[in-house]
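So the structure is just underneath, and the comments pick up after that.
The values are calculated or read from the model by the stated rules, or taken from the named source; none is laboratory data. What you see is a predicted model, and the numbers here were worked out from it, not measured in a lab. When we count neighbours, we look across all protein chains shown, and the Cβ atoms used for this are built from the backbone with ideal geometry, even at glycine. Each accessible area value is taken on the protein alone, full model and side chains, heavy atoms only, with ligands, DNA and RNA left out. Shrake-Rupley method; radii C 1.70, N 1.55, O 1.52, S 1.80 Å.
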Amino acid sequence: ENSVITPTTYTVTVSNDGNGTGTATPSTAAAGTTIILTAMPNEGYHFKEWEVISGGVTIKDDKFLMPNGNVEVKAIFEEDAPPAPTEFTITVKTDGKGTASASHVKAVAGTEITLTATPNTGYHFEEWQVVSGGVTIKDDKFTMPSANVEVKAIFEKDAPPAPTEYTITFDGNGGTPSVGSMTTTNRKLTS
């Protein structure tokens, strides 16, 4: 009478480093069976490599052939690199009557930006105009938003100096002058 010989099956144990999970398909198999390994990282991690703990197998493309013995593999995960913070640009323009600049050309949100305005001769700085970025400028400073910012320096022409006025008093020398005194404008009398 022929008896069916059941092939001996061995177990695949998959452990992990705590930053994800690993599975083997199938988890029990006879020698020579192809075993497929699957790794699922936790959020913030990615799969790095398989570490063979016991069984002496060679893992290639997440697969290995079952040997004549139990196998233990470990899934190793690695923390994802934090994303680089996004930098936004600061553009400073003028109305042509002076120069202006910002303490940074690019900055991440939350950075304090200081603005500087230097008027041309005969002009003075009047105000900052926010072209885009919706920032509030106070004391030549603003906090960088999560967007590009454009500001414009507005200068104003200096008022001409007020002319110096002099008062002329008339002495009639015994007679009566028609006017006791007059004020000069640009060193001239009105009459």
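Step through the residues of the stretch 160-177 one at a time and calculate ³J(HN,Hα) from phi using the Karplus curve (6.51 cos²θ - 1.76 cosθ + 1.60, θ = phi - 60°), rounding each to whole Hz and writing x for Gly and Pro.
x, x, 5, x, 6, 9, 10, 10, 9, 10, 9, 10, x, 6, x, x, 10, x
Of (1) 51, 51, 29; (2) 164, 24, 22; (3) 130, 24, 22, which is the value of Cα extents along the principal axes in Å derived from the coordinates here?
(2)
Taking amide hydrogens as modeled 1.01 Å from N in the peptide plane, which residues meet the under 5 Å criterion relative to Thr99, leaving out close sequence neighbours?
For Thr99, the qualifying residues are Thr118, Asn120.
Between Thr11, Thr91, Thr164, where does the largest GNM mean-square fluctuation fall for the chain, given springs only between Cα atoms within less than 10 Å?
Residue with maximal mean-square fluctuation among Thr11, Thr91, Thr164: Thr164.
Let me know the number of lysine pairs in the stretch 54-166 closer than 20 Å at the Cα, not counting same-chain pairs under 8 apart.
Lysine pairs meeting the criterion: 14.
Give the long-range amide H neighbours of Val108: residues separated by 5 or more places, or on another chain, with amide H under 5 Å away, using H modelled in the peptide plane at 1.01 Å from N.
Sorted by chain and number, the residues that satisfy this are Phe88.
Would you kindly derive the ³J(HN,Hα) couplings of the stretch 34-41 from the backbone phi angles with the Karplus curve 6.51 cos²θ - 1.76 cosθ + 1.60 (θ = phi - 60°), listing them in order in whole Hz, with x for Gly and Pro?
With the stated coefficients, the stretch 34-41 comes to 7, 9, 9, 9, 10, 10, 10, x Hz.
For the stretch 104-174, report the accessible area per residue in Å² (1.4 Å probe, heavy atoms, rounded to an integer).
Using a 1.4 Å probe on heavy atoms only, each residue of the stretch 104-174 averages 67 Å².
For the charge dipole of the chain, defined by +1 on Lys and Arg C-beta atoms and -1 on Asp and Glu C-beta atoms about the Cα centroid, which residue among Ala31, Ile59, His46 has the Cα displaced farthest towards the positive pole?
His46
Would you kindly state the longest site-free stretch of the chain, with sites defined as GluC sites (Glu not before Pro) in a DSSP loop (not H, G, I, E, B) surrounded by at most 16 other Cβ atoms within 10 Å?
For GluC sites (Glu not before Pro) (loop position, at most 16 other Cβ atoms within 10 Å), the longest site-free span of the chain is 44-164.
Tally up the carbon and sulfur contribution to the accessible surface of the chain as a whole percent, 1.4 Å probe, everything protein left in place.
49
Restricting to Cα atoms and excluding each atom paired with itself, what does the Kirkwood estimate give for the stretch 90-191 in Å?
17.4
Given springs between every Cα pair under 10 Å in a Gaussian network model of the chain, which of Ala102, Ala39, Ala147 has the largest fluctuation?
Among Ala102, Ala39, Ala147, the largest mean-square fluctuation in the Gaussian network model of the chain belongs to Ala39.
log₁₀ I(q)/I(0) of the stretch 1-112 at q = 0.18 Å⁻¹, via Debye over equal Cα point scatterers, no solvent, to two decimals?
-0.89
How large is the translational diffusion coefficient of the stretch 47-127 in µm² per second when you combine the Kirkwood radius over alpha carbon pairs with Stokes-Einstein at 4 °C and 1.567 mPa s?
69
Provide the net charge surrounding Val92, with neighbours chosen by a C-beta distance below 10 Å and charges set as Lys +1, Arg +1, Asp -1, Glu -1.
Charge balance in the 10 Å sphere: +1.
Quick one: Cα centre-to-centre distance for the stretch 146-176 and the stretch 35-76, in angstrom?
86
Give the aspartates and glutamates reachable from Lys188 as a straight Cα distance under 17 Å; neighbours fewer than 8 places away on the same chain don't count.
Filter leaves Glu165.
With a sphere of radius 12 Å drawn around the Cβ of Gly44, what net charge do the other residues whose Cβ falls strictly inside it have (Lys, Arg +1; Asp, Glu -1)?
Net charge around Gly44: -4.
Taking R0 as 41 Å, what's the FRET efficiency between Thr28 and Val131 from their Cβ-Cβ distance, rounded to 0.05?
0.05
Using the Cα centre of the chain as the reference point, and only Cβ charges (+1 on K/R, -1 on D/E), how large is the resulting charge dipole? Debye, rounded to the nearest 20.
Rounded to the nearest 20 debye, it is 780 debye.
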